[in-house]
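Below is one structure, written out as structure tokens; the observations come after it.
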Amino acid sequence: MSTRIIRAACPHDCPDTCAMLVTVVDGKATAVRGDPDHPNTAGVLCTKVSRYVERTYHADRLLYPMKRVGNKGEGKFTRISWDDALSEITERLQAIATRDPRAILPYSYAGTMGAVQGESMAMRFFNRLGASQLDRTICATAGGTGYKYTIGAKMGTDTEQYENAKLILIWGGNPVASNLHFWMKAQEAKRRGAILIAVDPYRSLTAEKCQHHLALLPGTDAALALGLMHLLIRDDLLDHDYIDRYTLGFDPLKQRVAEWTPQRTAEICGLPVGQIEMLARLYGETAKRGDPVAIRLSYGLQRVRGGGMAVRNIACLPALVGAWRHPAGGVLLSSGDNYPKRSNQMERPDLRPHDVDRPPRVINMSTIGDDLLSPSSASFGPKVEAVIVYNSNPVAVAPESAKVAQGFAREDLFTVVLEHFQTDTVDYADIVLPATTQLEHADIHASYGHQYIIANNPAIAPLGESKPNTEIFRLLAARMGFSDPCFLDTDEELASQAFDASHPHARDFSWQQVSQQGWMKLDVPVAPFAQGGFPTPSGRCEFYSEQMLRAGLDPLPTYIPPYESVASAPELAKDYPLAMISPPQRNFLNTTFVNVQSLRATEGEPHLDIHPEDAAARGIVDGDRVRVFNQRGELLAKARVSDAPRKGLVVALSIWWKKLASDGRNANELTSQRLTDMGRAPTFYDVLVQAERAQPS
Ligand code: SF4
């Protein structure tokens, strides 16, 4: 019996990017565990990925290419050979490309976060083809844009330092479910005497364990940050030296926030004045004492109309109190820009054809519903005739789901899906191609939560006839006659091109070394902005941003109300008076893992969390089936009556596969395709609904 331990990386859309050890016995993976030597992973994987072996060998794995035999959406397929699958895809794509290659659209996101199996060979293929480009906005671009206007880049406090903070503000996220290793640091800080404060409309598993919880109205985080700035200035809880040396625009900021009195802030946020005063006092006084105060900012709060501005406003706070002076102070939204990624080398945009008659066309993945239903026009360009989906499940995850499904149901749309399982999107495919999982291919990973490069070595042979994404696009490139040498790069060669080894952060990076050792830490200074040096145009933390002014935005922090709230849309709220958010279920990761029986069994069925007063007003009792609806659609869920959501809010933890819910629907039936103030991102948490007891069927 031969037993091997393989160094691997968790590929999922989670900031923790764990270093994993895979046990392989006689060619079969038998266990995955966290690498105990990796400082961030510390030997711990979350429950979801601890079940990775169950997922890999799941009886429902797609193991062979398949062709549709039923109607679109029915999910009826017959097995075909790779040769036949590639021939049919090539024939269809060539015919479309002859008319206009921009009618072909790639659709992908973070099904794997790997630099190799993500956008490397795939993007080389689509760039060479001249396909439409995809604006990958679905998760993080609103907050990322707002953060970058203020701080200059997506970088900040090192997660490993949070255990030394004396106050941690956990804003807009639930790390117990979706940033576990940060949560472990926060718990350690708490044991050492730190105060943890959650800001979240919902009393999540995280908020329950913090000493303080501010349950503000969804979409009002920007207002809370403005109110905090007002109080820090009013009570002179400022680091004047830091402000003078390392920030830009303090005087206009001071004028701007003068109107954000605690009373006004409280009214907009739906919070007691005393809570806002308490938060400002704790944050400002802890910093004034010279103790580190840190904010962990997550993406939940930026899924509303003013989401970019909200992140920008919060990102101003550390500079006001001089929190950046400490390694354990500051703020972190994402650590992604610490990595010297060689995206151009990996994706080769230089391969795009230059055709003056066909300027590049970009399609926003967050409006895929409308875009699949758009006819050809001068402004839109050619109608989308083919979609190649990989690393994503748009029929379940994209907003305004009914339109997305309607688009994918078009008989004249040619759809190819690369997948592990028969997801909601696969049901609409013309051709399905079986993709390998993380245990079956090589990859290399950056993280958006820590500062390590993590290698993923293949642990087992591909199951069935599955192939890595890279290999599928290599084969397609060959069939299409693309002879550029870059299409011959192996996965290991791609991994070795992923980061710039001459950059000070990743000096001497080599795939060979990292694949053997499993990981390497970037050489990033602790307390990166202790003496300013922000990567903004001015080199300062920009309270005032010329870039924003040029982009047509308010150059100063401000508040942009939600599209849909009782205050901002009172007419709509007469019919749909409840705000709805749909944050992640603890045992799912987007739609990954929903089909793993043991994890789905833990979550049971789709629930709607509703406050007792809202439930009573509707005659709803705990356990009732409820119909949740708005002008876009409806779904059924089981009511869970508790005061975890604030009054006026309902919570549909997500993201369920539609076909695994009793009514074939999920929360995205109710979300809209309207976009954020910056970053062209979706507004998943900017939704009004109504709820009622469902009629017995
Ligand atoms: S999902 Fe996150 S916490 Fe879980 S193993 Fe992957 S990186 Fe680690």
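Relative to the current alpha-carbon distance between residue 67 and residue 236, full extension at 0.36 nm per residue lengthens the span by 54.1 nm. Ignoring ligands, DNA and RNA, please state the percent of accessible area on the chain from carbon and sulfur, probe 1.4 Å. Carbon and sulfur together cover 49 percent of it. Projecting label points 7 angstrom from Cα along Cα→Cβ for residue 345 and residue 406 puts them 4.6 nm apart. Computed with a 1.4 Å probe over protein heavy atoms only, the accessible surface of the stretch 507-658 comes to 43 Å² per residue. From the alpha carbon centroid of the stretch 418-446 to that of the stretch 115-160 is 20 Å.
Ranking 151, 477, 23 by Cα position along the charge dipole of the chain, where only Lys, Arg, Asp and Glu carry charges on their C-beta atoms, puts 23 farthest toward the positive end. Between residue 87 and residue 597, the FRET efficiency from the beta-carbon distance, with R0 = 41 Å, is close to 0.70. Each helix, a run of at least 4 DSSP H residues, gives -39500 (n - 2.57); summed and divided by the residues of the chain, these come to -8000 deg cm²/dmol at 222 nm.
The gain in end-to-end length when the residue 662 to residue 492 segment is fully stretched comes to 56.8 nm, 0.36 nm per residue minus the alpha carbon separation. Quick check: the distance between the Cα centres of the stretch 259-274 and the stretch 329-404, to the nearest angstrom? Answer, in whole Å: 39. Can you give the Rg/Rh ratio of the stretch 341-418, where Rg is from the C-alpha atoms and Rh is the Kirkwood radius? Rounded to two decimals, Rg over Rh is 1.00.
With 0.36 nm allotted per residue and the present C-alpha distance subtracted, the residue 574-residue 512 stretch has 16.1 nm of extension available.
The Stokes-Einstein estimate for the stretch 171-283, based on a Kirkwood radius over Cα pairs and taken at 20 °C with 1.002 mPa s viscosity, is a diffusion coefficient of 140 µm²/s.
Calculated from the alpha-carbon coordinates, the chain shows an Rg and a Dmax of 24.8, 73 Å respectively. With all protein chains kept in place, the per residue accessible area of the stretch 306-403 amounts to 32 square angstrom at a probe of 1.4 angstrom. Normalised per residue, the accessible area of the stretch 122-171 is 19 Å², obtained with a 1.4 Å probe and no contribution from ligands, DNA or RNA. Remark: the stretch 324-390 carries a charge dipole of roughly 300 debye about the Cα centre, counting +1 on each Lys and Arg Cβ and -1 on each Asp and Glu Cβ.
With R₀ fixed at 30 Å, the C-beta to C-beta distance from residue 188 to residue 524 puts the FRET efficiency at about 0.90. Taking 4.7 Å between C-beta atoms as the pairing limit, the chain has these partnerless cysteines: 14, 46, 139, 210, 269, 316, 486, 541. Say R0 is 35 Å: what FRET efficiency, to the nearest 0.05, do residue 95 and residue 352 get from their beta-carbon distance? Rounded to the nearest 0.05, the efficiency is 0.95.
Percent of alpha carbon pairs in the stretch 24-79 separated by more than 14 Å? Of the Cα pairs, 70 percent sit more than 14 Å apart. Each principal axis of the stretch 507-647 carries a Cα extent, and these read 63, 47, 26 Å when sorted largest first. Counting only heavy atoms of the protein chains and using a 1.4 Å probe, residue 98 has close to 110 Å² of accessible surface.
The values are calculated or read from the model by the stated rules, or taken from the named source; none is laboratory data. Worth saying up front: this structure is predicted, and the values here are computed from it rather than measured. Using ideal geometry, Cβ is built from the backbone for each residue, glycine included, and neighbour counts are taken over all protein chains shown. All accessible areas refer to the heavy atoms of the entire protein, side chains included, with ligands and DNA or RNA removed. Shrake-Rupley method; radii C 1.70, N 1.55, O 1.52, S 1.80 Å.
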